[in-house]
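Novice: Dumping the structure here so I can ask a few things about it.
The values are calculated or read from the model by the stated rules, or taken from the named source; none is laboratory data. In this text, all values refer to a predicted model and were calculated from it rather than measured experimentally. Note that each Cβ is placed from the backbone with ideal geometry, even for glycine, and that neighbours are counted across all protein chains shown. These accessible areas exclude ligands, DNA and RNA; they are computed on the full protein's heavy atoms, side chains included. Shrake-Rupley method; radii C 1.70, N 1.55, O 1.52, S 1.80 Å.
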Amino acid sequence: MNIRPLLERYAATHPTTKILICSDGSPYMSQYRLADLGKDHGRVTLQHFHRGDEDRELHGHPWHGVSLILSGGYREERRAGNSVVSKVFLPGDVNVICPDTYHRIDLLREDCWTLFATGPVVAKWGFWSRDTGEFTPWRKFIERKGLVPVGSGA
């Protein structure tokens, strides 16, 4: 069953719940908030990935999360000790992400839709270099690239 038309219809009829995340002026992801469970409990979002991650470095998230792939799919590169392993996620697959998970994704098709739920913030955003093993806080990482943070997003 192709649910992509239903996802696109939802997105078109709920523009006020949309948060657009861009990098270098190009759309990376649209998020549609389905439920905000409060600062101490997390949220549920519909995510529309417009492209994969540009950086070679792997990023970490500040919470526990679970992602159900709805349409499209991606190949994830994930830190495993001091190396990187790959896994493909297709519609129906579930990806569990912990605060100590460092990963990046490459889309398998033109886009990807996921249902994503997070817990409360328990760590800091950041990037891990597969080349040096260095962890860099996200603000410092994007400043090194000459980019300016938009919004709070701590």
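Novice: Given the residues Arg104, Arg43, Arg75, Arg79, which is the only one that is surrounded by fewer than 17 Cβ atoms within 10 Å (Cβ to Cβ) and not small (Gly, Ala, Ser)?
Specialist: Sole residue among the options that is surrounded by fewer than 17 Cβ atoms within 10 Å (Cβ to Cβ) and not small (Gly, Ala, Ser): Arg75.
Novice: Against the condition under 25 Å from Pro137 (Cβ atoms) and basic (Lys, Arg), how does Arg33 come out, does it pass?
Specialist: It is false that Arg33 is under 25 Å from Pro137 (Cβ atoms) and basic (Lys, Arg).
Novice: In addition: Quickly run through the range 1-19 and pick out the residues that are open to solvent by 80 Å² or more (accessible area, probe 1.4 Å) and either outside any helix (DSSP H, G or I) or of a type in the set (Asp, Glu) (or both).
Specialist: Met1, Asn2, Glu8, Lys18
Novice: Quick check: is even one residue across the range 55-68 part of a loop (DSSP other than H, G, I, E, B), in contact with an Asp or Glu (Cβ under 9 Å, 6 or more places away or on another chain) and open to solvent by 20 Å² or more (accessible area, probe 1.4 Å)?
Specialist: yes
Novice: Next question. Is there a residue in the range 20-31 that is assigned to a loop (DSSP other than H, G, I, E, B) and either β-branched (Val, Ile, Thr) or surrounded by 13 or more Cβ atoms within 10 Å (Cβ to Cβ) (or both)?
Specialist: No, the conditions are met nowhere in the range 20-31.
Novice: Pairs only if they're at least six apart or on different chains, beta carbon under 7 angstrom, first in the range 119-136 and within 14 Å of Asp100 (Cα to Cα) and open to solvent by less than 40 Å² (accessible area, probe 1.4 Å), second among the hydroxyl-bearing types (Ser, Thr, Tyr) and at pLDDT below 95; list them, first residue then second.
Specialist: Hits for this filter: Gly126/Thr136; Phe127/Thr136.
Novice: Could you run through the range 1-21 and say how many residues are closer than 16 Å to Asp111 by Cβ and either of a type in the set (D, E, K, R) or free of Cβ contacts under 8 Å to residues at least 60 places away in the same chain (or both)?
Specialist: 11
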